[in-house]
Amino acid sequence: MVIESRNTCFFAIFLFERSPFSKEMENIIELKGVSKFFDGECILDGIDLSIRDKEFVTLLGPSGCGKTTTLRIIGGFETPDRGELFIDGQSVKNTPPNQRPVNTVFQKYALFPHLNVFENVAFGLRLAGAPKDEIVRSVTEMLALVKLKGFERRTVTSLSGGQQQRVAIARALINHPRVLLLDEPLGALDLKLRKDMQNELKKIQRQTGITFIYVTHDQEEALSMSDTVVVMANGKIQQIGSPVDIYNEPENAFVADFIGESNILDGIMVSDGKVKFSGRLFDCVDSGFAPNEPVDIVVRPEDVDVVKLDDGMLTGTVSSVTFKGDYYEIIVDVGGFKWMLETSDYEAPETRIGLKIEPEAIHVMKKSEFSGQFGDYSSFSDEMDHMSDPTEEEAE
Amino acid sequence: MKGRTAFQKLAAVPHIVWTVMFIVAPMLFVLYFALTDADGRFSFANITSLSQYTNVFILSIAFALIATVICLLIGYPLAYYMAQQKGRTQKLLMVLLMLPMWCNLLIRTYALMTLLDNGGLLNSLLDSLGLGKITIVGTDFGVILGMIYDFLPYMVLPIFTAMTKLDKQYIEAAHDLGCSHLQTMTRVVIPLTLSGVVSGVTMVFVPSISTFYISQKLGAGKIDLVGDTIERLFQNPSTYNVGAVISLVMMILIIISVQVMNRFTDDEKRVMP
């Protein structure tokens with residue numbers, strides 16, 4: 001099953017790249033070898049990215065990975081130091097933002113405080129010199145779309161964060177951009193509101209048929225909203241794929257670690273379908289590696305079954321248990337390596353248990369620059385989510 | 001709680017004493033002089049005599065307005081430019097702007113006069129280049145130039161402050177929504193820095209309209225503004241009363257103009273069509 005989905009994915013990319021028509025017709029945005037430096041430091045390193053029309057694409061990565069810079073280059077607020085940028089097949093590298101068919105929803109909303117809600121939304125149309133009745137009609141329509149009917153005369157400062165966000169979306173969408181850029185738009189909202197806005201954004205995207213490029217560091221947000229996720233780290237694209245592919249078939253240790261929880265181990269690919277790790281030979285479904293090639297192994301916590309000690313492929317001691325509502329998160333020490341497991345049954349600490357891993361649950365990855373950076377769960381924290389990089393702060 | 005308020009009241013005492021002695025009492029004196037004649041009897045004669053000073057008032061207002069407008073035209077772009085600069089350049093520009101202000105206003109004005117005088121540095125230079133001399137001191141232009149020279153920093157600083165507080169995202173949002181550079185300026189930057197403009201205009205207009213030293217030195221005594229008139233009238237005890245009325249009118253004029261300027265910033269929300 002895993003092999004199948006992987007092949008389909010490759011096949012699709014293959015088709016896509018070879019057919020000149022689909023490329024001309026569908027790729028609304030293309031970045032070719034885009035690099036960007038700030039104070040001599042490489043922020044973006046040769047980004048190649050094609051985005052199809054009507055797609056919901058998310059740029060996902062930790063702070064400082066270059067996702068915001070990529071968005072700002074598409075928006076025209078930064079110029080790439082190297083590489084080319086095409087919108088609808090036109091090179092726009094030197095086109096100023098006001099002449100690009102894209103609009104942005106800014107992280108801090110950036111609503112004009114001297115204008116009321118109506119005038120903020122009408123801003124683009126007034127500039128374009130639209131007739132008065134059309135402005136009134138369009139603004140009313142847009143405010144209805146973002147569920148802010150009746151807010152026309154309110155000052156923007158009197159609105160809540162969620163409402164300001166909606167005004168920002170309406171203000172951008174009223175210009176009917178080819179592409180809407182969203183820079184961590186839900187970052188400042190509380191969890192409940194975020195969930196609501198996620199659904200609503202997705203709905204708005206379907207209704208309007210506008211391509212959305214969405215920047216976030218929240219992997220859950222990316223997985224639940226996107227058609228395509230672009231995982232970035234260290235100024236490079238690590239993986240492009242559907243949310244399912246990204247989760248099930250991470251390209252390297254970074255992607256595996258950043259998206260969801262993963263047990264990442266060193267292994268040896270003995271031969272096709274045979275992989276050795278934790279001192280034991282496992283059957284797996286991956287192939288295409290050199291004999292005895294060192295590899296990284298990913299096993300998701302929910303894919304490990306707890307069995308009786310004697311039936312276990314691996315055995316270990318439970319070192320901690322955390323109740324998570326609908327499951328228990330268990331850390332198991334297997335010969336010094338701490339595995340994370342998600343089970344529905346409680347296992348007491350210090351019990352010895354057996355672990356069973358199905359061949360489909362083992363995902364084999366090539367070694368990468370990230371190999372060895374992500375160990376076991378002995379010092380478990382959400383560091384990647386909170387790690388901040390001073391270079392991105394400066395860039396903004 | 002009650003003890004705290006008593007303490008707070010106590011803390012205000014020095015300020016209250018100061019205010020009464022040096023602000024309230026002199027104002028009452030001005031009011032008293034304005035409404036009495038030279039013998040101390042109640043009289044409206046001073047007020048009726050105001051009409052002969054109409055021209056002085058008009059001239060002062062005109063000079064102050066011209067100086068303010070020119071300061072705004074120079075100061076706004078300068079503040080914008082300064083706000084765009086980074087670190088050291090910005091500090092250097094700031095020092096250059098502030099440097100003359102570290103020196104007393106009278107000395108600055110006197111220095112400007114000697115520079116621009118007939119035998120001054122400028123005219124000596126022009127003369128030696130064979131370009132002939134130009135008369136600045138003693139002309140309307142000279143006085144307005146003095147006002148601009150003395151008060152320009154008061155225009156630049158509040159606008160500069162407003163500019164640096166302006167979030168860059170607004171400018172990016174304006175560009176994003178289709179504004180050219182000029183449209184970004186007129187539709188976003190200027191409206192959002194209006195509070196700085198209002199402070200700047202007030203801070204230039206008020207000292208300009210009431211100045212007497214600049215007009216004396218750079219006007220070479222030929223140009224009589226309200227400030228000069230008040231000064232002259234107060235040098236002779238028999239004309240105290242007229243001087244007081246003019247001061248009072250001046251004060252009212254300034255209060256009105258400040259109120260008008262404040263109205264400008266309060267009323268910045270545009271209404272729906």
Helices (runs of 4 or more DSSP H) fully within region B:57-143 counting 2 or more residues that are under 17 Å from the mean Cα position of the chain (by Cα): B:87-98, B:105-116
Subset tally (residues that are part of a helix (DSSP H, G or I) and over 27 Å from B:Ile230 (Cα atoms)) for region B:1-45: 16
Options A:Gly150, A:Gly162; residue that is assigned to a loop (DSSP other than H, G, I, E, B), more than 12 Å from chain B (Cβ to nearest Cβ) and small (Gly, Ala, Ser): A:Gly150
Options A:Leu59, A:Leu49; residue that is touching a Ser or Thr at 6+ places or on another chain (Cβ under 8 Å), under 24 Å from B:Ile171 (Cβ atoms) and part of a strand (DSSP E or B): A:Leu59
Residue in region A:178-193 that is charged (D, E, K, R) and buried (at least 18 other Cβ atoms within 10 Å of the Cβ) present: yes
Close pairs from region B:224-239: first of a type in the set (S, T, N, Q), partner not in a helix (DSSP H, G or I), Cβ under 6 Å, at least 6 apart: B:Ser238/B:Ala38
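A quick yes/no check of all residues on (1) surrounded by 17 or more Cβ atoms within 10 Å (Cβ to Cβ); (2) of a type in the set (Lys, Arg):
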residue	(1), (2)
A:Asp53	no, no
A:Lys67	yes, yes
A:Ile74	yes, no
A:Glu78	yes, no
A:Glu84	no, no
Test result for B:Ile209, within 22 Å of B:Ala244 (Cα to Cα), outside any helix (DSSP H, G or I), touching a residue at least 24 places away in the same chain (Cβ under 8 Å) and among the hydrophobic types (A, V, I, L, M, F, W, C): no
Matching residues, region A:287-330, being touching a residue at least 24 places away in the same chain (Cβ under 8 Å) and touching a Phe, Trp or Tyr at 6+ places or on another chain (Cβ under 6 Å): A:Ile297, A:Val321
One residue from A:Leu127, A:Leu85 being of a type in the set (A, V, I, L, M, F, W, C) and either facing chain B (nearest Cβ under 8 Å) or in a helix (DSSP H, G or I) (or both): A:Leu127
Out of A:Val230, A:Val270, A:Val215, A:Val275, sole residue that is without any contact (Cβ under 8 Å) to a residue 24 or more places away in the chain, among the hydrophobic types (A, V, I, L, M, F, W, C) and either surrounded by fewer than 21 Cβ atoms within 10 Å (Cβ to Cβ) or in a strand (DSSP E or B) (or both): A:Val270
Any chance A:Leu143 is within 14 Å of chain B (Cβ to nearest Cβ) and either within 28 Å of A:Ile28 (Cα to Cα) or at pLDDT 95 or above (or both): yes
Evaluation of A:Gly162 against (1) out of contact with any Lys or Arg (no Cβ under 7 Å at 6 or more places or on another chain); (2) surrounded by 21 or more Cβ atoms within 10 Å (Cβ to Cβ); (3) under 20 Å from A:Glu221 (Cβ atoms) (one fails), failing number: (2)
Top-ranked residue in region B:163-173 [being more than 8 Å from chain A (Cβ to nearest Cβ) and within 13 Å of A:Phe112 (Cβ to Cβ); ranked as surrounded by the fewest Cβ atoms within 10 Å (Cβ to Cβ)]: B:Leu166
Residue identified as in contact (Cβ under 8 Å) with a residue 60 or more places away in the chain and more than 30 Å from A:Ala253 (Cα to Cα) among A:Phe77, A:Phe106: A:Phe106
Candidate set: region A:88-113, residues that are part of a loop (DSSP other than H, G, I, E, B) and among the polar types (S, T, N, Q); chosen: the one surrounded by the most Cβ atoms within 10 Å (Cβ to Cβ): A:Gln107
Criterion violated by A:Asn94 - all others in (1) in contact (Cβ under 8 Å) with a residue 40 or more places away in the chain; (2) away from chain B (no Cβ under 11 Å); (3) not hydroxyl-bearing (Ser, Thr, Tyr) satisfied: (1)
From the options A:Ile213, A:Ile268, A:Ile204, residue that is of a type in the set (A, V, I, L, M, F, W, C) and farther than 30 Å from A:Arg171 by Cβ: A:Ile268
Subset of region A:165-210 (residues that are in a helix (DSSP H, G or I), of a type outside the set (Val, Ile, Thr) and touching a residue at least 60 places away in the same chain (Cβ under 8 Å)): A:Gln165, A:Ala168, A:Arg171, A:Ala172, A:Leu173, A:Lys202, A:Gln205, A:Gln207
Single residue of A:Phe37, A:Phe77 found to be modelled with pLDDT under 95, out of contact with any His (no Cβ under 7 Å at 6 or more places or on another chain) and more than 14 Å from chain B (Cβ to nearest Cβ): A:Phe37
Any hit, region A:342-357, residues being closer than 17 Å to A:Arg280 by Cα, touching an Asp or Glu at 6+ places or on another chain (Cβ under 8 Å), surrounded by fewer than 18 Cβ atoms within 10 Å (Cβ to Cβ) and touching a residue at least 40 places away in the same chain (Cβ under 8 Å): yes
Condition check for A:Glu221: at pLDDT 90 or above and in a loop (DSSP other than H, G, I, E, B): no
Positions within region A:97-112 being of a type outside the set (S, T, N, Q) and at the interface with another protein chain (Cβ under 7 Å from one of its Cβ atoms), in sequence order: A:Pro97, A:Phe106, A:Lys108, A:Ala110, A:Phe112
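The values are calculated or read from the model by the stated rules, or taken from the named source; none is laboratory data. Quick caveat: nothing in here was measured; it's all calculated off a predicted structure. As a convention, Cβ positions derive from the backbone with ideal geometry for all residues, glycine included, and neighbour counts pool all protein chains shown.
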